[in-house]
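Notes to accompany the following structure.
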Amino acid sequence: MNLYKGLTFANKVEVQRVLISTAMNENKHFVISRSTTKKLCAKCVDESCKWYVCAVMRPNLHGLWMITVYVGPHTCIPTGVRNDGRMMTCNFIASDILQKLCEDHTTPIKHLRSMIESKYNGQKPSYYKVWDAKQKAIEKMFGNWEESYQRLQKLLMAYIDQDSTTQVFYYTKPTGEDDTLILHYVFWSFGPSINGFKYCKPVISIDGTHLYGKYQGKLLVVMATDANNKVFPLAFAVVDCESGSSWSWFLKCLRDTIGHVIPDEGICIISDRHLGIKNAIANWPRGDDGQPRVFHRYCLRHVASNFNTHYQNSTLKSAALKAGYATQEVKFYTIMDSIKQVEIEAIRKKKKVTGNHYPNYTMADHEGSVGTPRTSDEPYLPTCP
């Protein structure tokens, strides 16, 4: 865009954007000499150059901004090519990449930098400036983190208004300032999922995954399996971290949610070996006869992964998976014997190399985990994070 006296803009931000864009295309640098709510002046960084622009807000033009003074073009001679993107502000880059992020908000930073470089004659803003610009652009698209948390309760209440069988639970703590509350946990389960659980197998899988963002946290998920062996989402929760208290609260909300659909007796819960889950299930209410009302089993994939983390042997990992999938005792013990022999041999090699003493490991069932290595006192496999 060519600058000239009388050129109008929608607002001050648009004036700044055009000035930066023009400077990038002409490979020139300028500085803001004056900036107020109603006036913006810019001049060339080279004092010998007379380039100067002044734009003001015109009330008689319904608040539009107009260039009232323009002295140009630049008369300075560039001594070298400046391609560090120094003139580009984060807001400028954010508005420039906004359309691209609307199409795909997962676009990597390196692709955004390449796009800017090709558009502005090889200008290369720093990685961190583009990253910051991407955060600003995403905030324009979806709002900031604080606004999102403020809207969460309204969103979940809208779900309940549409379907009264949807279940929502909160765990908050007061801050002691006004009526502000700190959200620690939130649980929700949609009505169709609750009602549909009665037609699923009485086996549920629970797990957690990381949430990436300003406040991080963990997303806890409960999945069931329908009659077609398809994944059936049952419940969700956002917590600050995976701990004994968060898992206990989560499973209590789950009991209250599905308790009226089917009895919780005979349900099998599959999870990793997180101590918080183990303790929460151990404290699950028992039946009148004192027997556990649910069964706890470990996820074979997590067990095999932990097994491989220690031994770093894909063959042993494959054997551990085969042992877990074995449906006949003869096959199971045959596979376990082969694993045990390899394990003993590996320990002997370590003792020869380091000369250290290692405890005697055996292969045995432990708390429902098939073929889990253990010592005489403690389970050997580490707890999954």
Notebook entry, point to check: Can you give the Rg to Rh ratio for the chain, taking only C-alpha atoms and Rh from Kirkwood?
Noted result: 1.17
Notebook entry, point to check: Rounded to the nearest 500 deg cm²/dmol, what is the calculated helix-only ellipticity per residue at 222 nm for the chain, with -39500 (n - 2.57) per DSSP H run of length n ≥ 4?
Noted result: -13000 deg cm²/dmol
Next item on the list: Could you work out how far helix 12-26 tilts from the main Cα principal axis of the chain, as a 0 to 90 degree angle to the nearest 10?
Entry: 80 degrees
Checklist line | Under the Karplus curve 6.51 cos²θ - 1.76 cosθ + 1.60, θ = phi - 60°, whole-Hz ³J(HN,Hα) for the range 290-302, x wherever Gly or Pro sits | finding: x, 7, x, 9, 9, 10, 10, 10, 8, 5, 5, 5, 5
Item checked: Fraction in percent of alpha-carbon pairs per bin - 10 Å, the range 1-120 -> 12, 40, 31, 15, 1
Checklist line | Set Lys110/Lys136; Lys201/Lys331; Lys110/Lys214 screened for pairs whose C-alpha atoms are more than 25 Å apart | finding: Lys201/Lys331
Notebook entry, point to check: If you line up the long axis of helix 329-354 against the longest principal axis of the chain, both from Cα atoms, how many degrees apart are they, to the nearest 10?
Noted result: 70 degrees
Check: Of all the Cα-Cα pairs you can form in the range 281-329, what percent are over 18 Å apart?
Finding: 49 percent
Margin query: Could you give each residue of the range 246-257 its phi-based ³J(HN,Hα) in whole Hz, using Karplus coefficients 6.51, -1.76, 1.60 with θ = phi - 60°, and x for Gly or Pro?
Written below: 5, 5, 5, 5, 4, 5, 5, 4, 5, 4, 5, 7
Notebook entry, point to check: In vacuo Debye scattering of the range 144-240, one point per C-alpha: log10 I(q)/I(0) at q = 0.19, 0.25 Å⁻¹?
Noted result: -1.02, -1.34
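Each value in this text was obtained by applying a stated rule to the coordinates, not by laboratory testing. Only a predicted model underlies this, so the values are computations on that prediction, with no experimental measurement involved.
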